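Notes follow the structure.
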Amino acid sequence: MIRRFRRCGHPPGALAPEDQALVDQFRAMLAAVRSPEPWTPGSGQDVAVCIGPFIERAHPRPGDDHGTEEIAVALVHPDAPDAAAYLHGHQLGYTDRGWLRCETTTILGAWQPAYALRTHAAANLHLPDDLGMPPAHYGVHLEACRSDGTSYTLLRLGPYPQTRLASRDADRLNTELEDQAIIAGSAFTVTAATALFNVSDQGNYTDPHESDVVDLLRRAVAQATTT
Amino acid sequence: MRPIRLISFGYLHLPTGPDGLPIPPAADRIEDVRDRLRDPAAARDILDLDGLNPRVQDVVLNTPGARELLANLAEYAGLPAGPSRIAIGCGGGRHRASGLTELLAHELRHRGREVVIEHLHVHLPRVLKTPTALTEQETAR
């Protein structure tokens, strides 16, 4: 007996409007992936970033989006700033990642709404723990070196949302440390260096905002000398 | 009366025009609170919250000048030839602007007005504003 089956892709009659809308949306997504709009650094435009098979919307950090190899971005729910997207973004982990380091090679182009179909939000999936994008916060570590060659971290400053701010404070501290007045009487030497801000260890950091970092250093040295 | 749309935004996140200046959202009145309201940076316990949180709204409301500004905006919204859009901007759009927008919406609803709220940048992490001269750093919200 010969059974004749209808081909699923060619049902009789026209597509239902909602099915047609989905097909159009899918075609628009394919077209956007094939012909991405170029992204201009410094323009304030959101970018489309490839994360595995997904494409996510990312907002470049103001003033930190000019890097040729890496920029800092925050992942954004594709429907932001809708009120529903605010809640959905919280639920799926879009809003608690902070600023992330994004390799420019993963940037597809300027964000287009057509990409929304390829996001975790469209699939109602939580963002994975490992996005391949480490945090973009920075810190300044002050390393104390004892006369016997052993060393320890005297003070951790952070977070610094921009590398140049961390570098500026590190340079200032090293300049102050050069004349040795701050560490006179102590049995160690101190150097300041920029480092990645370890979010999981943030209780060990001193927030440098609205504080004089040299004062913070003086206090840390005095405390270390008396203990 | 037609509904009024209240928009909060952060100047730091706005796209810039050819002149390099930020392009604020279209509105009948744009209220720049960067200088009018003190940055609530001292209230460290609200840094990770945003203006939709009552604690942040409380801090914003108790900032010097906030109550007067709120009353002024509410009066403006109720003018006979009333505006259809009011935009409020601060540094990052996360605390002052969004908190004040929520407070204004609450006040207008209390007066019987239908309100639509749009927070353009409340979902973004906080960002440091670096003045051009790099002479000081300010936590911008």
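The values are calculated or read from the model by the stated rules, or taken from the named source; none is laboratory data. What you are looking at is a predicted structure, and each value in this text was computed from that prediction instead of being measured. Note: ideal-geometry Cβ built from the backbone for every residue, glycine included; neighbour counts use all protein chains shown.
Just to verify a result, which residue in the stretch A:17-72, among those that are outside any loop (DSSP other than H, G, I, E, B) and polar (S, T, N, Q), is nearest to the chain's Cα centre (by Cα)?
My answer is A:Gln25.
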With (1) in contact with a helix residue (DSSP H, G or I) (Cβ under 8 Å, 6 or more places away or on another chain); (2) surrounded by fewer than 22 Cβ atoms within 10 Å (Cβ to Cβ); (3) under 16 Å from B:His121 (Cα atoms); (4) within 11 Å of another protein chain (Cβ to nearest Cβ) as the list, and B:Pro24 as the residue in question, which single condition is left unmet? (4)
Here are A:Gly89, A:Gly67, A:Gly63: which of them is surrounded by fewer than 22 Cβ atoms within 10 Å (Cβ to Cβ) and at negative phi? A:Gly67
Can A:Asp96 be described as within 14 Å of chain B (Cβ to nearest Cβ), surrounded by 18 or more Cβ atoms within 10 Å (Cβ to Cβ) and closer than 26 Å to A:Pro161 by Cβ? no
Is one or more of the residues making up the stretch A:162-175 assigned to a strand (DSSP E or B) and either more than 27 Å from A:Ala72 (Cβ to Cβ) or among the aliphatic types (A, V, I, L, M) (or both)? no
Mind checking which residues of the stretch A:205-227 are in contact (Cβ under 8 Å) with a residue 60 or more places away in the chain and under 29 Å from the mean Cα position of the chain (by Cα)? A:Tyr205, A:Pro208, A:Val213, A:Leu216, A:Leu217
Mind listing just one residue for me: the one in the stretch A:178-200 that is assigned to a helix (DSSP H, G or I) and free of Cβ contacts under 8 Å to residues at least 24 places away in the same chain and, of those, farthest from the other protein chains (Cβ to nearest Cβ)? A:Glu178
Listed residues A:Ile51, A:Ile55; which is surrounded by 20 or more Cβ atoms within 10 Å (Cβ to Cβ), touching a Lys or Arg at 6+ places or on another chain (Cβ under 7 Å) and away from chain B (no Cβ under 14 Å)? A:Ile55
State the number of residues belonging to the stretch B:114-136 that are assigned to a strand (DSSP E or B) and either at pLDDT below 50 or within 15 Å of B:Thr101 (Cβ to Cβ) (or both). 5
B:Leu37 fails exactly one of (1) touching a residue at least 60 places away in the same chain (Cβ under 8 Å); (2) part of a helix (DSSP H, G or I), namely (2)
What about B:Gly93, is it modelled with pLDDT under 95, touching an Asp or Glu at 6+ places or on another chain (Cβ under 7 Å) and either over 25 Å from A:Pro161 (Cα atoms) or outside any strand (DSSP E or B) (or both)? no
Return yes or no: is B:Asp58 in a helix (DSSP H, G or I), more than 20 Å from A:Asp96 (Cβ to Cβ) and modelled with pLDDT under 95? yes
